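The next block holds one structure in the form of C-alpha coordinates; read it before the comments.
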Amino acid sequence: MSTMFIVLSRKTVLRAVIALAAALALLVGGCLAYARAGAADTGGGAASSQDTDYIKWVDFDVPYELLSHALDLDIASHDTDTPVSWIELLAYAASKNGNNWKSYTAVKLDETVKALQEGAAMEDLTRDLTYYDYYHEAYSAVLGGLVGYYEIEVPDETAESGKRWEARYGLKGFSPIARNYPYSDFDDFGSSRDYGFKRKHLGHDLMGAVGTPIIAVEGGTVEALGWNQYGGWRIGIRSFDQKRYYYYAHLRKNFPYNKELEIGSVVQPGDVIGYLGRTGYSVAENVNNIEQPHLHFGLQLIFDESQKEGNNEIWVDVYPLVRLLYRNRSTVVKNEETKEYHRVYQIRDPAVPESPPATATSPARSTAASAAASGG
(Lines give C-alpha, C1' and ligand atoms only; values in the text may rest on other atoms or scores of the structure.)
Protein backbone atom coordinates (compact mmCIF):
# COMPACT_ATOMS: atom_id res chain seq x y z
CA MET A 1 0.00 0.00 0.00
CA SER A 2 2.77 2.44 0.88
CA THR A 3 4.55 1.78 -2.43
CA MET A 4 1.35 2.36 -4.45
CA PHE A 5 0.70 5.52 -2.48
CA ILE A 6 4.13 6.88 -3.33
CA VAL A 7 3.71 6.07 -7.04
CA LEU A 8 0.32 7.71 -7.19
CA SER A 9 1.65 10.73 -5.38
CA ARG A 10 4.48 11.09 -7.86
CA LYS A 11 2.01 10.91 -10.75
CA THR A 12 -0.15 13.48 -9.10
CA VAL A 13 2.82 15.75 -8.51
CA LEU A 14 3.97 15.29 -12.11
CA ARG A 15 0.53 16.24 -13.46
CA ALA A 16 0.52 19.29 -11.22
CA VAL A 17 3.96 20.34 -12.39
CA ILE A 18 2.96 19.96 -16.05
CA ALA A 19 -0.23 21.95 -15.49
CA LEU A 20 1.69 24.67 -13.68
CA ALA A 21 4.31 24.84 -16.42
CA ALA A 22 1.61 25.18 -19.07
CA ALA A 23 -0.11 27.93 -17.13
CA LEU A 24 3.16 29.80 -16.71
CA ALA A 25 3.92 29.45 -20.41
CA LEU A 26 0.56 30.95 -21.31
CA LEU A 27 1.06 33.76 -18.81
CA VAL A 28 4.58 34.56 -20.00
CA GLY A 29 3.52 34.36 -23.66
CA GLY A 30 0.65 36.72 -23.01
CA CYS A 31 2.88 39.15 -21.16
CA LEU A 32 5.50 39.11 -23.93
CA ALA A 33 2.85 39.65 -26.59
CA TYR A 34 1.39 42.51 -24.58
CA ALA A 35 4.82 44.05 -24.11
CA ARG A 36 5.45 43.92 -27.85
CA ALA A 37 2.01 45.14 -28.74
CA GLY A 38 1.52 47.74 -26.09
CA ALA A 39 -2.03 48.74 -25.35
CA ALA A 40 -3.75 49.65 -28.61
CA ASP A 41 -4.82 53.29 -28.86
CA THR A 42 -8.42 53.08 -29.99
CA GLY A 43 -8.98 56.82 -29.92
CA GLY A 44 -8.12 57.24 -33.61
CA GLY A 45 -5.46 59.88 -33.10
CA ALA A 46 -2.07 60.50 -31.57
CA ALA A 47 -2.10 60.10 -27.82
CA SER A 48 -0.77 62.81 -25.54
CA SER A 49 2.62 62.33 -23.97
CA GLN A 50 0.90 61.85 -20.61
CA ASP A 51 -1.20 58.98 -21.93
CA THR A 52 0.45 55.57 -21.62
CA ASP A 53 -2.20 53.80 -23.68
CA TYR A 54 -0.37 53.70 -27.02
CA ILE A 55 1.68 51.19 -28.98
CA LYS A 56 5.23 50.84 -27.72
CA TRP A 57 6.71 48.37 -30.22
CA VAL A 58 6.08 47.06 -33.74
CA ASP A 59 7.72 44.15 -35.54
CA PHE A 60 6.76 44.60 -39.18
CA ASP A 61 7.64 41.18 -40.58
CA VAL A 62 5.12 40.77 -43.41
CA PRO A 63 6.97 39.25 -46.39
CA TYR A 64 7.02 41.13 -49.67
CA GLU A 65 5.09 38.36 -51.47
CA LEU A 66 2.15 38.67 -49.07
CA LEU A 67 2.26 42.47 -49.10
CA SER A 68 2.08 42.36 -52.88
CA HIS A 69 -0.73 39.82 -52.98
CA ALA A 70 -2.78 41.65 -50.34
CA LEU A 71 -2.40 44.87 -52.32
CA ASP A 72 -3.56 43.15 -55.51
CA LEU A 73 -6.62 41.77 -53.69
CA ASP A 74 -7.45 45.24 -52.37
CA ILE A 75 -7.12 46.86 -55.80
CA ALA A 76 -9.08 44.11 -57.58
CA SER A 77 -11.99 44.35 -55.14
CA HIS A 78 -12.22 48.09 -54.54
CA ASP A 79 -14.91 48.67 -57.17
CA THR A 80 -17.00 45.61 -56.27
CA ASP A 81 -19.83 45.02 -53.82
CA THR A 82 -17.36 43.54 -51.32
CA PRO A 83 -14.21 45.67 -51.27
CA VAL A 84 -11.45 44.38 -49.00
CA SER A 85 -8.70 46.31 -47.26
CA TRP A 86 -5.16 45.03 -47.57
CA ILE A 87 -4.45 46.36 -44.08
CA GLU A 88 -7.37 44.42 -42.60
CA LEU A 89 -6.35 41.26 -44.47
CA LEU A 90 -2.79 41.46 -43.17
CA ALA A 91 -3.83 42.37 -39.62
CA TYR A 92 -6.23 39.40 -39.59
CA ALA A 93 -3.49 37.11 -40.86
CA ALA A 94 -0.97 38.35 -38.26
CA SER A 95 -3.41 37.90 -35.40
CA LYS A 96 -4.19 34.38 -36.62
CA ASN A 97 -0.59 33.28 -37.13
CA GLY A 98 0.97 35.08 -34.16
CA ASN A 99 3.11 37.17 -36.50
CA ASN A 100 4.81 34.00 -37.72
CA TRP A 101 4.75 34.17 -41.52
CA LYS A 102 6.95 31.18 -42.29
CA SER A 103 4.10 28.87 -43.30
CA TYR A 104 1.52 31.50 -44.19
CA THR A 105 0.71 31.50 -47.91
CA ALA A 106 -1.14 33.74 -50.32
CA VAL A 107 -3.80 31.04 -50.58
CA LYS A 108 -4.87 31.84 -47.02
CA LEU A 109 -5.40 35.48 -47.98
CA ASP A 110 -7.54 34.26 -50.90
CA GLU A 111 -9.59 32.14 -48.50
CA THR A 112 -10.22 35.16 -46.27
CA VAL A 113 -11.38 37.22 -49.24
CA LYS A 114 -13.65 34.39 -50.38
CA ALA A 115 -15.22 34.22 -46.92
CA LEU A 116 -15.85 37.98 -46.99
CA GLN A 117 -17.34 37.78 -50.48
CA GLU A 118 -19.65 35.01 -49.32
CA GLY A 119 -21.10 37.17 -46.57
CA ALA A 120 -18.76 36.97 -43.60
CA ALA A 121 -17.91 40.25 -41.88
CA MET A 122 -14.40 41.11 -40.75
CA GLU A 123 -15.86 42.00 -37.35
CA ASP A 124 -17.13 38.44 -37.00
CA LEU A 125 -13.88 36.87 -38.18
CA THR A 126 -11.80 38.90 -35.73
CA ARG A 127 -14.12 38.99 -32.72
CA ASP A 128 -12.16 36.40 -30.72
CA LEU A 129 -8.69 37.42 -31.92
CA THR A 130 -7.02 39.14 -28.97
CA TYR A 131 -4.43 41.10 -30.94
CA TYR A 132 -6.33 42.01 -34.08
CA ASP A 133 -6.88 45.61 -32.94
CA TYR A 134 -3.17 45.96 -32.20
CA TYR A 135 -2.08 44.64 -35.59
CA HIS A 136 -4.69 46.72 -37.37
CA GLU A 137 -3.45 49.91 -35.74
CA ALA A 138 0.21 48.98 -36.19
CA TYR A 139 -0.18 48.07 -39.87
CA SER A 140 -2.33 51.14 -40.47
CA ALA A 141 0.56 53.22 -39.16
CA VAL A 142 3.04 51.49 -41.50
CA LEU A 143 0.90 51.30 -44.63
CA GLY A 144 -1.78 53.94 -44.14
CA GLY A 145 -0.58 56.50 -46.68
CA LEU A 146 0.38 54.22 -49.54
CA VAL A 147 -2.92 53.14 -51.13
CA GLY A 148 -6.05 55.05 -52.11
CA TYR A 149 -7.68 57.24 -54.71
CA TYR A 150 -5.65 59.87 -56.55
CA GLU A 151 -5.24 61.59 -59.91
CA ILE A 152 -2.04 61.56 -61.91
CA GLU A 153 -0.82 62.83 -65.26
CA VAL A 154 -0.20 60.16 -67.89
CA PRO A 155 1.25 60.37 -71.42
CA ASP A 156 -1.24 61.36 -74.14
CA GLU A 157 0.03 62.15 -77.62
CA THR A 158 -3.34 63.61 -78.61
CA ALA A 159 -3.19 66.31 -75.93
CA GLU A 160 -1.44 69.61 -76.58
CA SER A 161 0.66 69.19 -73.42
CA GLY A 162 1.40 65.57 -74.24
CA LYS A 163 -0.26 64.59 -70.97
CA ARG A 164 -3.70 64.18 -69.45
CA TRP A 165 -5.08 63.60 -65.98
CA GLU A 166 -6.28 60.12 -65.03
CA ALA A 167 -8.20 59.10 -61.89
CA ARG A 168 -6.91 55.95 -60.23
CA TYR A 169 -7.17 53.75 -57.19
CA GLY A 170 -4.14 51.84 -56.03
CA LEU A 171 -0.56 52.31 -54.93
CA LYS A 172 0.11 56.04 -54.63
CA GLY A 173 3.37 55.69 -52.70
CA PHE A 174 6.59 55.85 -54.74
CA SER A 175 9.95 54.15 -54.72
CA PRO A 176 12.59 56.35 -53.03
CA ILE A 177 14.74 56.01 -56.18
CA ALA A 178 13.65 57.71 -59.43
CA ARG A 179 12.69 55.69 -62.51
CA ASN A 180 15.54 54.61 -64.81
CA TYR A 181 18.16 54.97 -62.07
CA PRO A 182 19.64 51.60 -61.05
CA TYR A 183 20.34 50.61 -57.47
CA SER A 184 21.13 47.49 -55.48
CA ASP A 185 20.01 46.51 -51.99
CA PHE A 186 19.43 43.68 -49.55
CA ASP A 187 17.69 43.30 -46.20
CA ASP A 188 20.21 44.97 -43.89
CA PHE A 189 17.88 46.06 -41.09
CA GLY A 190 19.41 45.30 -37.70
CA SER A 191 22.95 44.72 -38.98
CA SER A 192 25.85 46.02 -36.91
CA ARG A 193 27.28 49.53 -37.15
CA ASP A 194 30.28 50.80 -35.20
CA TYR A 195 30.95 54.44 -36.13
CA GLY A 196 30.81 56.32 -32.84
CA PHE A 197 29.64 53.26 -30.91
CA LYS A 198 28.20 49.78 -31.48
CA ARG A 199 24.59 49.89 -32.59
CA LYS A 200 22.03 48.31 -34.90
CA HIS A 201 21.22 49.65 -38.34
CA LEU A 202 17.62 50.85 -38.14
CA GLY A 203 17.12 51.63 -41.79
CA HIS A 204 17.66 50.32 -45.29
CA ASP A 205 20.55 51.15 -47.64
CA LEU A 206 20.04 51.48 -51.40
CA MET A 207 23.36 51.57 -53.28
CA GLY A 208 23.50 53.80 -56.33
CA ALA A 209 25.38 56.52 -58.19
CA VAL A 210 26.07 59.95 -56.70
CA GLY A 211 23.45 62.42 -57.93
CA THR A 212 20.63 59.87 -58.36
CA PRO A 213 17.34 61.73 -57.73
CA ILE A 214 15.72 60.78 -54.42
CA ILE A 215 11.94 60.66 -54.31
CA ALA A 216 9.37 61.36 -51.58
CA VAL A 217 7.69 58.02 -50.87
CA GLU A 218 4.61 59.71 -49.45
CA GLY A 219 3.26 63.22 -49.19
CA GLY A 220 4.11 65.06 -46.01
CA THR A 221 5.76 67.98 -44.28
CA VAL A 222 9.52 68.51 -44.06
CA GLU A 223 10.50 68.34 -40.38
CA ALA A 224 14.28 67.98 -40.65
CA LEU A 225 16.66 69.43 -43.20
CA GLY A 226 20.36 69.81 -42.59
CA TRP A 227 23.52 68.14 -41.34
CA ASN A 228 23.73 65.24 -38.95
CA GLN A 229 27.02 63.72 -37.78
CA TYR A 230 25.87 60.20 -38.64
CA GLY A 231 23.50 60.74 -41.56
CA GLY A 232 25.32 63.60 -43.25
CA TRP A 233 22.97 65.80 -45.25
CA ARG A 234 19.50 64.40 -44.55
CA ILE A 235 15.80 65.08 -44.88
CA GLY A 236 13.03 64.03 -42.50
CA ILE A 237 9.43 64.10 -43.77
CA ARG A 238 6.37 63.54 -41.55
CA SER A 239 3.19 62.07 -43.00
CA PHE A 240 0.05 64.17 -42.75
CA ASP A 241 -1.57 61.75 -40.30
CA GLN A 242 1.56 62.19 -38.13
CA LYS A 243 2.13 58.42 -37.85
CA ARG A 244 5.16 58.08 -40.17
CA TYR A 245 8.50 59.84 -40.23
CA TYR A 246 10.49 59.12 -43.40
CA TYR A 247 14.23 59.60 -43.12
CA TYR A 248 16.54 60.06 -46.14
CA ALA A 249 20.26 60.33 -45.33
CA HIS A 250 23.82 60.50 -46.79
CA LEU A 251 22.69 62.93 -49.49
CA ARG A 252 25.07 64.49 -52.01
CA LYS A 253 27.86 66.87 -51.02
CA ASN A 254 27.38 70.54 -52.01
CA PHE A 255 23.96 69.95 -53.63
CA PRO A 256 22.00 67.60 -51.36
CA TYR A 257 18.41 68.84 -51.68
CA ASN A 258 15.80 70.20 -54.01
CA LYS A 259 16.59 73.91 -53.59
CA GLU A 260 12.95 74.78 -53.01
CA LEU A 261 12.74 72.73 -49.81
CA GLU A 262 12.87 74.15 -46.32
CA ILE A 263 11.56 73.06 -42.94
CA GLY A 264 7.77 73.25 -43.17
CA SER A 265 7.64 72.61 -46.93
CA VAL A 266 4.88 70.32 -48.16
CA VAL A 267 5.83 67.57 -50.61
CA GLN A 268 3.68 65.36 -52.78
CA PRO A 269 4.31 61.63 -53.22
CA GLY A 270 6.72 61.24 -56.13
CA ASP A 271 8.41 64.65 -55.77
CA VAL A 272 12.18 64.94 -56.15
CA ILE A 273 13.48 65.90 -52.71
CA GLY A 274 17.23 65.37 -52.95
CA TYR A 275 20.18 63.53 -54.46
CA LEU A 276 22.03 60.37 -53.47
CA GLY A 277 25.53 60.80 -52.06
CA ARG A 278 27.92 59.60 -49.38
CA THR A 279 28.05 62.36 -46.76
CA GLY A 280 28.20 61.70 -43.04
CA TYR A 281 30.26 60.15 -40.26
CA SER A 282 31.75 63.57 -39.51
CA VAL A 283 31.16 66.36 -37.03
CA ALA A 284 32.21 68.83 -39.74
CA GLU A 285 29.54 69.62 -42.32
CA ASN A 286 29.62 68.66 -45.98
CA VAL A 287 32.13 65.83 -45.62
CA ASN A 288 32.18 62.57 -47.61
CA ASN A 289 33.13 59.92 -45.08
CA ILE A 290 30.83 57.16 -46.33
CA GLU A 291 32.80 54.76 -48.54
CA GLN A 292 30.02 53.60 -50.86
CA PRO A 293 27.43 56.05 -52.22
CA HIS A 294 23.96 55.07 -51.07
CA LEU A 295 20.66 56.31 -49.74
CA HIS A 296 19.90 55.42 -46.15
CA PHE A 297 16.09 55.19 -46.04
CA GLY A 298 14.29 54.74 -42.74
CA LEU A 299 10.71 54.68 -41.47
CA GLN A 300 9.87 55.62 -37.90
CA LEU A 301 6.38 55.02 -36.47
CA ILE A 302 5.00 57.57 -34.02
CA PHE A 303 1.96 56.78 -31.87
CA ASP A 304 2.79 59.44 -29.29
CA GLU A 305 4.99 62.54 -29.65
CA SER A 306 7.17 61.30 -26.78
CA GLN A 307 8.38 58.61 -29.22
CA LYS A 308 9.69 61.07 -31.79
CA GLU A 309 13.18 61.27 -30.30
CA GLY A 310 14.99 59.33 -27.62
CA ASN A 311 15.05 55.75 -26.47
CA ASN A 312 11.42 54.96 -27.32
CA GLU A 313 11.66 55.27 -31.09
CA ILE A 314 10.05 52.62 -33.29
CA TRP A 315 11.89 51.96 -36.58
CA VAL A 316 10.63 49.21 -38.88
CA ASP A 317 12.26 47.09 -41.57
CA VAL A 318 11.31 48.74 -44.86
CA TYR A 319 12.96 46.24 -47.19
CA PRO A 320 9.64 44.54 -48.11
CA LEU A 321 8.08 47.98 -48.66
CA VAL A 322 10.91 49.12 -50.91
CA ARG A 323 10.40 46.01 -53.02
CA LEU A 324 6.68 46.76 -53.23
CA LEU A 325 7.24 50.42 -54.10
CA TYR A 326 9.41 49.39 -57.04
CA ARG A 327 6.06 49.07 -58.87
CA ASN A 328 5.70 52.84 -58.76
CA ARG A 329 8.75 54.89 -59.74
CA SER A 330 8.67 58.60 -60.46
CA THR A 331 9.83 59.72 -63.90
CA VAL A 332 12.07 62.79 -63.64
CA VAL A 333 13.69 65.33 -65.95
CA LYS A 334 16.69 67.62 -65.48
CA ASN A 335 16.58 71.38 -65.84
CA GLU A 336 19.91 72.12 -67.50
CA GLU A 337 19.96 75.72 -66.26
CA THR A 338 19.38 75.01 -62.57
CA LYS A 339 20.79 71.44 -62.63
CA GLU A 340 17.69 70.51 -60.64
CA TYR A 341 15.53 67.46 -61.32
CA HIS A 342 11.74 67.55 -61.26
CA ARG A 343 9.00 65.01 -61.75
CA VAL A 344 7.47 64.73 -65.22
CA TYR A 345 3.96 63.65 -64.21
CA GLN A 346 2.21 65.61 -61.48
CA ILE A 347 -0.14 64.03 -58.93
CA ARG A 348 -3.25 65.15 -57.06
CA ASP A 349 -3.42 63.30 -53.78
CA PRO A 350 -6.55 63.99 -51.69
CA ALA A 351 -4.53 63.13 -48.58
CA VAL A 352 -2.49 66.33 -49.03
CA PRO A 353 -4.26 68.98 -46.94
CA GLU A 354 -4.57 72.58 -48.05
CA SER A 355 -2.99 73.64 -44.77
CA PRO A 356 -0.82 70.85 -43.33
CA PRO A 357 -0.96 70.42 -39.54
CA ALA A 358 1.70 72.20 -37.55
CA THR A 359 4.33 69.88 -36.13
CA ALA A 360 7.27 70.31 -33.83
CA THR A 361 10.33 70.64 -36.03
CA SER A 362 13.66 69.32 -34.88
CA PRO A 363 16.76 70.14 -36.95
CA ALA A 364 18.91 67.97 -34.67
CA ARG A 365 18.00 64.61 -33.18
CA SER A 366 19.52 63.18 -30.02
CA THR A 367 22.94 61.58 -30.53
CA ALA A 368 21.88 57.99 -29.86
CA ALA A 369 18.70 58.31 -31.88
CA SER A 370 20.47 59.91 -34.81
CA ALA A 371 23.18 57.29 -34.82
CA ALA A 372 20.78 54.36 -34.75
CA ALA A 373 18.45 55.81 -37.34
CA SER A 374 21.08 56.97 -39.79
CA GLY A 375 23.83 54.46 -39.17
CA GLY A 376 24.11 53.57 -42.87
(message) Given axes a ≥ b ≥ c from the Cα gyration tensor, I'd like to know whether the stretch 236-293 is rounded (a/c under 1.5), prolate (a/b larger than b/c) or oblate.
(response) prolate
(request) Apply the Karplus parameterisation 6.51 cos²θ - 1.76 cosθ + 1.60, with θ equal to phi minus 60°, to every residue of the stretch 274-286 and state each ³J(HN,Hα) to the nearest whole Hz, in sequence, with x for glycine and proline. (result) x, 9, 4, x, 8, 7, x, 6, 7, 6, 6, 6, 6
(message) Counting only other residues whose beta carbon sits under 11 Å from that of HIS294, what net charge do I get with K and R as +1, D and E as -1?
(response) -3
(message) At R0 = 22 Å, how high is the FRET efficiency between ARG327 and LYS259 if r is their beta carbon distance? Nearest 0.05 is fine.
(response) 0.15
(message) If you average the C-alpha positions of the stretch 83-108 and of the stretch 234-255 separately, how far apart do those two centres end up, in angstrom?
(response) 30 Å
(request) Tell me the label-point distance for the pair ASN100, ASN311, using the 7 Å Cα-to-Cβ offset, in nm and rounded to one decimal. (result) 3.2 nm
(message) Please give the charge dipole size of the stretch 163-280, origin at the Cα centre, charges +1 on K and R Cβ atoms and -1 on D and E Cβ atoms. Round to the nearest 20 debye.
(response) 80 debye
(message) Given a 1.4 Å probe and heavy atoms of the protein chains only, how would you sort GLU340, GLU153, GLU285, largest accessible area at the top?
(response) GLU285, GLU153, GLU340
(request) Could you rank PHE297, PHE186, PHE255 by how accessible they are, 1.4 Å probe, largest area first? (result) PHE186, PHE255, PHE297
(request) Can you pull the one-decimal nm distance between simple spin-label points at LYS200 and GLU111, each 7 Å off the Cα toward Cβ? (result) 3.2 nm
(message) Need the full-extension length gain, ASN180 to ALA167, defined as separation in residues times 0.36 nm minus the C-alpha distance. One decimal, nm.
(response) 2.2 nm
(message) So, taking all protein chains as they sit and a 1.4 Å probe, how much accessible area belongs to PHE60, in Å² rounded to tens?
(response) 10 Å²
(message) Please report the accessible area of LYS56 (heavy atoms, 1.4 Å probe, ligands and nucleic acids excluded) in Å², nearest 10.
(response) 80 Å²
(message) Please compute the modelled spin-label separation between GLU160 and VAL210, points set 7 Å along Cα→Cβ, answer in nm with one decimal.
(response) 4.4 nm
(request) Work out the FRET efficiency for LYS56 and GLU291 from their Cβ-Cβ distance, taking R0 = 35 Å, and round it to the nearest 0.05. (result) 0.50
(request) When a/c is below 1.5 the answer is rounded, else prolate if a/b is larger than b/c, else oblate, so apply that to the stretch 248-327 with a ≥ b ≥ c taken from the square roots of the Cα gyration tensor eigenvalues. (result) rounded
(request) At 0.36 nm per residue, minus the direct Cα-Cα distance, what do TYR345 and LEU129 gain on full extension? Give it in nm, one decimal, please. (result) 73.4 nm
(message) Can you classify the stretch 94-133 as rounded, prolate or oblate using the Cα gyration tensor, where a ≥ b ≥ c are the square roots of its eigenvalues, rounded means a/c under 1.5, and otherwise it's prolate if a/b beats b/c and oblate if not?
(response) oblate
(message) Given a 1.4 Å probe and heavy atoms of the protein chains only, how would you sort GLU223, GLU337, GLU123, largest accessible area at the top?
(response) GLU337, GLU123, GLU223
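The values are calculated or read from the model by the stated rules, or taken from the named source; none is laboratory data. Fair warning: this is a prediction, and the values are worked out from it, not measured in the lab. Heads up, the Cβs are rebuilt from the backbone with ideal geometry, glycines too, and the neighbour counts pull from every protein chain shown. These accessible areas exclude ligands, DNA and RNA; they are computed on the full protein's heavy atoms, side chains included. Shrake-Rupley method; radii C 1.70, N 1.55, O 1.52, S 1.80 Å.
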